[in-house]
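First comes the structure, then the notes that go with it.
Rule-based calculations on the coordinates, nothing more; no lab input. Since we're looking at a predicted model, the values are computed, not measured. Cβ sites come from the backbone with ideal geometry, for glycine too, and all protein chains shown count toward neighbours.
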Amino acid sequence: MTDATTSNFLTGHPYSQRYYDILEKRHGLPIWQVKAEFLNMVHGHQTTVLVGETGVGKTTQIPQFMAEMGYTVNRKIIACTQPRREAAMSVARRVAEEMDVVLGEEVGYSVRFNECSGPKTCVKFLTDGMLLHEAMTDPLLERYSVVILDEVHERTLATDVLFGLLKEILKQRVDLKLVVMSATLEAEKFQGYFVDASLMKVPGRLYPVEIFYTQEPERDYLEAAIRTVVQVHVCEPMGDVLLFLTGEEEIEDACRKITREVAAMGDKVGPIKVLPLYSTLPPQQQQRIFEAAPPPAREGGPAGRKIIISTNIAEASLTIDGIVYVIDPGFTKQKVYNPCIRVESLLVSPISQASAHQRAGRAGRTQPGKCFRLYTESSFKKDLQEQTYPEIMCSNMARTVLQLKKLGIDDAVHFSFMDPPAPESLMRALELLNYLGAIDDDGNLTPVGNIMSEFPLDPQLAKMLVASPEFRCSNEILSIAAMLSSPNVFLRPREAAKAADKAKACFTHKDGDHLTMLNVYHAWKNHNEDPQWCDEHFLNVRSLKWADRVRTQLVRICTSMNLRLVSTPFEDKDYYTNIRKAITAGYFMQVAHLQRSGQYLTVKDNQVVHLHPSTCLDHTPEWTLYQECVLTTKNYIRTCMDIKGEWLVDVAPHYFDLSNFPAGECKRALERLYAKKEKGLC
Ligand code: ADP
Ligand code: MG
């Protein structure tokens, strides 16, 4: 053991045996070959860009190197960002283990709605969004001596904004060190962006990976994926499998089916351990992906296999050793923003060639591997774009612009973005914030906007919360906001769809999905959060618990912002009306109007939309507020609520200003409402 002393430099306790065991493995990581050189470079430059293939040890080792070198001085600590919350939590757990400390003490994490760090913490993993949020109260990031921006090749919106902020902060804080880490090739671009940045490349070790394509396009990629996994298990030699799918539902579905199919084959084939991986999975369960494959069922029997079914997180953020077979259907969920209807949605979309390359690489970490692409070779060459677009090019910028305003950066248009967003999307964002009352006509942050920026929520959601005490329903709106920020609570397994629909009907509120969600939340609380009751009612326990955690945090922010927590008595006939009005105060820009033809048109933009089949609305109200627009074969509006036109002209006359309104039935309806209102006033 070369550099291990006998007591832990963080705690002073003697190191455990486990520490030494892991240390030996750590020494084998490529990053250790360049440790001295790296530290030299950091010493000589304020910014260092570090590039290396996934798995060389960047994320887990670099923060430790920095801590060991004493960069945590004057109580300033090391921050390491991750684009994904699950990665931040998982990596923190691993690094705590490697450093032989308790997670949450010397090594911790901080992600939206979940904080696990304390006064002793000196290495903290956080999502890029969280660091950005911290910057709003600590504009020079003074609690940190080192900021490590990790996985920057993902180019998330928050990372891109952090680039711009840090570029400024570095000028003002000569003591701050920045390390930028990336898995792919745009290194020179990152280096060129910062002043006097040094660049270092860590050579990785990758075994050859053989690529297979399908001959014909697959009609149903999920079915094809399941078939391929089973085939690999039956036909291929030992080695674990990694399948990429797009989200929780799909992943859980595939886990069940694969387990069932393989079980039906009996002991002709080896035992399997099928493990899901997605963001809302509890950390302990996420951690299971690092367990070993199961042993053969009997001595001398066929070998066991671990099968991991994951979202994009396993593409680069987490490295799982022992994967030999990768199955890549070629899809991922991506944010897509449609500025025409101002709606951002997560859509299942084709991945880029760069992503496909990354995915294949996962098969060659420990030995030569195979990658099965469930698309044709010509499709790979013709249909997939070369690189994934930076998120900033396809996002709704409203929340970011609000954050920048709060940070004192008034002119988002001239902010130093690495790749600037379209001016159109910045203008849209400013317009939206102005309509919501978060910025005034001169573009200055208003007191309401100031409070809104404290919430880790989209501006509309934040506005609805801020407005809710006025409508005497902040307690209820908190629950609804929390439910809206959580994964879908309604389970609907294909084989029990009818029973699930029946169960859902118990909670249905005729005026729509928001109130239905509130009913579910209340019912869950009234049943003491009983998991069995959830099972019986086809409710996802994890989503409800998640919502509860979110709610607790939102309550904390409300309290610190002096927002009153109030309710209208349930017996009051206005109980639900008040709630609906408060929601309207945040979402008045997402409303569709029913035409005489029976079709809904979005207000102002005149897009034809349809109520999503999942909605609880049992009628077609004249005015429908919607939470999101889902674009599939048709434009669907999802999570809908019946509202009254009167409320629109009450809460947002500035938005429903008829002088610049497209002609049509909607305008005429509004004209009547204004006339009525005026009469009433007279
Ligand atoms: P990089 O950031 O360069 O992609 P990492 O630092 O994430 O690399 O990973 C380095 C090594 O640490 C990998 O071989 C990976 O398998 C291992 N590792 C990371 N997290 C865990 C964990 N929770 N359990 C076991 N091994 C882990
Ligand atoms: Mg990494």
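Using a 10 Å cut-off around each Cβ, can you sort C558, C506, C255 from fewest to most neighbouring Cβ atoms? Each step should come with its number before you reach the end.
Numbers: C558 23, C506 11, C255 19.
Ordered by Cβ neighbours within 10 Å, fewest first: C506, C255, C558.
What are the extents of the Cα atoms of region 459-679 along their three principal axes, in Å, largest first?
Its Cα atoms span 54, 45, 30 Å along the three principal axes.
Just need the relative contact order of region 24-134 here, percent rounded to a whole number, with Cα pairs under 8 Å and 6+ apart. Kindly include the intermediate steps, with their values, before the conclusion.
Numbers: 147 pairs, mean separation 24.7, N = 111.
Relative contact order comes out at 22 percent.
Determine which aspartates and glutamates satisfy two conditions relative to K189: a Cα distance under 16 Å, and not lying fewer than 8 residues away in the same chain.
D150, E151, E154, D160, D419
Going through the cross-link list K35/K171; K124/K581; K167/K545; K171/K406; K177/K405; K510/K676, which pairs have a Cα-Cα distance over 32 Å in this structure? Write down the numbers at each step before the final one.
Values: K35/K171 27 Å; K124/K581 41 Å; K167/K545 39 Å; K171/K406 20 Å; K177/K405 25 Å; K510/K676 27 Å.
Pairs exceeding the cut-off: K124/K581; K167/K545.
Mind giving me the FRET efficiency for N528 and R549? R0 is 22 Å, r the Cβ-Cβ distance, nearest 0.05 is fine. Could you put the intermediate results ahead of the total?
Values: r = 17 Å, r/R0 = 0.77.
After rounding to 0.05, the efficiency reads 0.85.
Let me see the P(r) profile for the chain: every Cα-Cα distance counted, bins of 20 Å, each bin given as a percent of all pairs.
Spelled out per bin, shortest first, that is 16, 48, 31, 4, 0.
Would you kindly calculate the translational diffusion coefficient of region 396-454, applying Stokes-Einstein with the Kirkwood radius from alpha carbon pairs, for 4 °C and a viscosity of 1.567 mPa s, and quote it in µm² s⁻¹ without decimals?
Numbers: Rh = 11.2 Å.
For these conditions, the coefficient is 115 µm²/s.
Sorted from largest down, what three extents in whole angstroms do the Cα atoms of region 1-99 have along their principal axes?
Taking the Cα atoms of region 1-99, the three principal extents are 34, 31, 29 Å.
Net charge near H13: determine it from the other residues with C-beta under 14 Å of the C-beta of H13, scoring Lys and Arg +1 and Asp and Glu -1. Show your work: numbers first, answer last.
Numbers: positive: R18, K120; negative: D100, E105, E106.
Combined, the nearby Lys, Arg, Asp and Glu give -1.
Across region 230-338, how many lysine pairs, 8 or more apart or on two chains, come within less than 19 Å at their alpha-carbon atoms? Walk me through the numbers on the way to the answer.
Numbers: K257/K268; K257/K273; K257/K306; K268/K306; K273/K306.
Close lysine pairs found across region 230-338: 5.
Tell me, K58, K306 in order of fewest to most beta-carbon neighbours within 10 Å?
On the way: K58 26, K306 22.
Fewest-to-most ranking of K58, K306: K306, K58.
Between D574 and E431, what is the label-point separation in nm under the 7 Å Cα-to-beta-carbon projection?
Simple spin-label model gives 3.4 nm for this pair.
Using a Debye calculation, one point per C-alpha and no hydration shell, please list log10 I(q)/I(0) for region 209-391 at q = 0.09, 0.11 Å⁻¹ in order.
Here log10 of I(q) over I(0) equals -0.32, -0.47.
Explain nothing, just the number: dipole magnitude of region 1-158 about its Cα centre with +1 on each Lys and Arg Cβ and -1 on each Asp and Glu Cβ, in debye rounded to the nearest 20.
Working: 16 positive and 20 negative charges, 30 e Å.
Dipole about the Cα centre, nearest 20: 140 debye.
Taking a cut-off of 19 Å, what percent of all Cα-Cα pairs in region 364-418 are separated by more than that? Before the final figure, lay out each step's value.
On the way: 867 of 1485 pairs.
Distances greater than 19 Å cover 58 percent of the Cα pairs.
Could you work out how far apart the two model spin labels at Q367 and A499 are, taking each label as a point 7 Å from the Cα in the direction of the beta carbon, and quote it in nm?
Between Q367 and A499, the label points sit 4.3 nm apart.
Place a point 7 Å from the Cα of V234 along the Cα-to-Cβ direction; which residues of region 250-286 have their backbone N under 20 Å from it?
From region 250-286, the list is 254-274.
Viscosity 1.306 mPa s, temperature 10 °C: what is the translational diffusion coefficient of region 612-682 from Stokes-Einstein with a Kirkwood Rh over Cα pairs, rounded to a whole number of µm²/s? Let's see the in-between values first.
Numbers: Rh = 13.9 Å.
Answer from the Stokes-Einstein relation: 115 µm²/s.
Add -39500 (n - 2.57) for each DSSP H run of 4 or more in the chain, then divide by its residues: what number comes out at 222 nm, to the nearest 500 deg cm²/dmol?
Numbers: 25 runs with 269 residues, N = 682.
Helix-only estimate at 222 nm: -12000 deg cm²/dmol.
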